[in-house]
Amino acid sequence: MTTETSSPLGTPLGTTAGDTLQKFIFDNAAVRGELVEISDTWREIQARHGYPKAVRSVLGEMVAACALLSANLKFNGSIVMQIHGDGPVRLLVVECDADLRMRATAKLAPDVEIADDATLNQLFNVNGKGRFVITLDPADKVPGQQPYQGVVPLDGDDVATVIENYMLRSEQMDTRLWLAADDQVARGLLLQKLPRHSGKEDQTKQATEAEDLETWNRAAMLGQTLKREELLSTDIATLMRRLFWEETIRVFDPLQPTFHCSCNREKVGNMLKMLGQEEVESALAELGELGINCDFCGKHYAFDKVDCAQLFASDTTAQAVMPPGGSTH
């Protein structure tokens, strides 16, 4: 993890070229913010898929949002964001760990045509069954520990609103998000009003809370001036100066999101074990060899009859999870 040091706004933010996440806090107020710009990683995610424009836009916004939320993880693990739908898009998945290593994929219904201006509800929530899911998955689980998962209805007209509603409902935290993505870049701004834990006298506490609320409202109003076109066309260092030049804030060392896929042959083998020996042998009899492609990175894994026999000869019970949407042929 990158060690953070702070400096007043106006000093160099470090490099902001390419993939960069910039954290900052408002002095004397319990309000924090982040700006993220993801280009190389975003293009790597798209490289193996020809997503329709509307799907690409939503997936890119989720990539930016996932990086913004992951930057505040307090444990060694990953955050996985998913949208499950009952429309032409069945699943979006974005995963990001505490080191901002990311991957993402989308799964569409077969033979669908998607308009460039399709809305979130038209993509996922045709019959009101769309769901938004956040999973916190620790890397160093103790025996019996399960990932934490929050599932809520798809409540909102865009990704930012869905996540804002989730954070308020599930985390009791005021959060504002501004997100945008095209085929070249995904950018986002996050603002959060943090809780205060203080033993101060009531009068001092009330004054502090009033100052926090005033700063929060002012920051949110400044964020509200940010338009999608401006977010797509402006680097994050310029955005920070443009939005908060009158504010007293402190910035931290920038972080760099990167593309990373954690698939490997062992995990794919464990997925085949979970299918069961009878189903695997039936597929082998039909196909002769099983080929599994990772939907995140496109890597191909081949298992012949000998490979599969060795899998089921082992007494080890695997618990690994295959990336959602892995395809077998």
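Structure values in brief
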| item | result |
| --- | --- |
| Within a Gaussian network of the chain (alpha carbon springs, distance under 10 Å), most fluctuating of Asp307, Asp99, Asp174 | Asp307 |
| The chain: angle of helix 159-170 to the longest principal axis, Cα-based, in degrees nearest 10 | 80 degrees |
| Equivalent ellipsoid, the range 81-234 (semi-axes from 5 times Cα gyration tensor eigenvalues, Å) | 32, 22, 15 |
| Exposure rule at most 16 other beta-carbon atoms within 10 Å, DSSP loop GluC sites (Glu not before Pro): the chain longest free segment | 5-112 |
| Helix-only CD estimate at 222 nm, as mean residue ellipticity for the chain, using -39500 (n - 2.57) per DSSP H run (n ≥ 4) | -10000 deg cm²/dmol |
| D (Stokes-Einstein, µm²/s), Kirkwood Cα radius, the chain, 0.890 mPa s at 25 °C | 114 µm²/s |
| Whole-Å semi-axes of the ellipsoid equivalent to the range 69-142 (Cα gyration tensor, √5λ, descending) | 29, 12, 10 |
| For the chain: accessible area per residue (Å², 1.4 Å) | 50 Å² |
| Counting all C-alpha pairs of the range 29-110, share separated by more than 22 Å (%) | 27 percent |
| Close Lys-Lys pairs in the chain, where close means Cα under 24 Å and separation is 8 or more or interchain | 20 |
| Carbon/sulfur fraction of accessible area - the range 88-130, other protein chains in place, 1.4 Å, % | 41 percent |
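The values are calculated or read from the model by the stated rules, or taken from the named source; none is laboratory data. Because the structure is a prediction, the values reported are computed rather than measured. FYI the Cβ positions are ideal-geometry reconstructions off the backbone, even for glycines, and counts take in every protein chain you see. When the accessible area is computed, the model is the full protein with side chains, heavy atoms only, and any ligands, DNA or RNA have been set aside. Shrake-Rupley method; radii C 1.70, N 1.55, O 1.52, S 1.80 Å.
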